[in-house]
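Data block below; observations after.
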């Protein structure tokens, strides 16, 4: 994971880097964090998964122009603009901006990182050993739910296909919890991304499945679900 900062003012550059380093340390995330004082040096490498980019740089450099060059190059890098002038944010739709960070409120960086890692991580592929002893590849972004099935786990995909794999549901839930999945009761793990509706007793997934919320998990589930919706903007 490579996170870059382009900020011409050393004070802000150091503050932003410190916030990101603390976040990664607290979340036990391994990331290479590189700071640049100008866009030219960054663009010579232009390799980043996430970029915190000042809109108004020294020597006439324009953050929007740098972001457009990235977009035109086919880069998948997500761009968080940094600015003290929030009125400039309205131009961001032209370059598909991921977030805007007001320099007066650097705590917003944590929220941006939360959502970035949740969405990025859902693009991951995991490997599971099926009942025949063969390794199968599962795309987390297409995984609807996991449920216990005897001594195996059933991975139900968005297209209706399924995989029966080895594993313990409690351990699997712990491994997948940072990626937008929740252990809603002792037999089910669900992808928060595909929840259509929630009431006091159950959730309804996009395929119509109704799953009862475990009494012991109710409060934690609601907090996790509404945080996910807030971050995703759904």
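Structure above, values below:
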quantity	calculated
Only listed residue being under 16 Å from residue 80 (Cα atoms) and surrounded by fewer than 16 Cβ atoms within 10 Å (Cβ to Cβ), chosen from 13, 40, 2	2
Filter pass, residue 14 being more than 22 Å from the chain's Cα centre (by Cα) and over 25 Å from residue 114 (Cβ atoms)	no
Strands (runs of 3 or more DSSP E) contained in region 1-115 and holding at least 1 residues farther than 29 Å from residue 224 by Cα and at pLDDT 90 or above	2-6, 32-36, 50-54
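The values are calculated or read from the model by the stated rules, or taken from the named source; none is laboratory data. Because the structure is a prediction, the values reported are computed rather than measured. Using ideal geometry, Cβ is built from the backbone for each residue, glycine included, and neighbour counts are taken over all protein chains shown.
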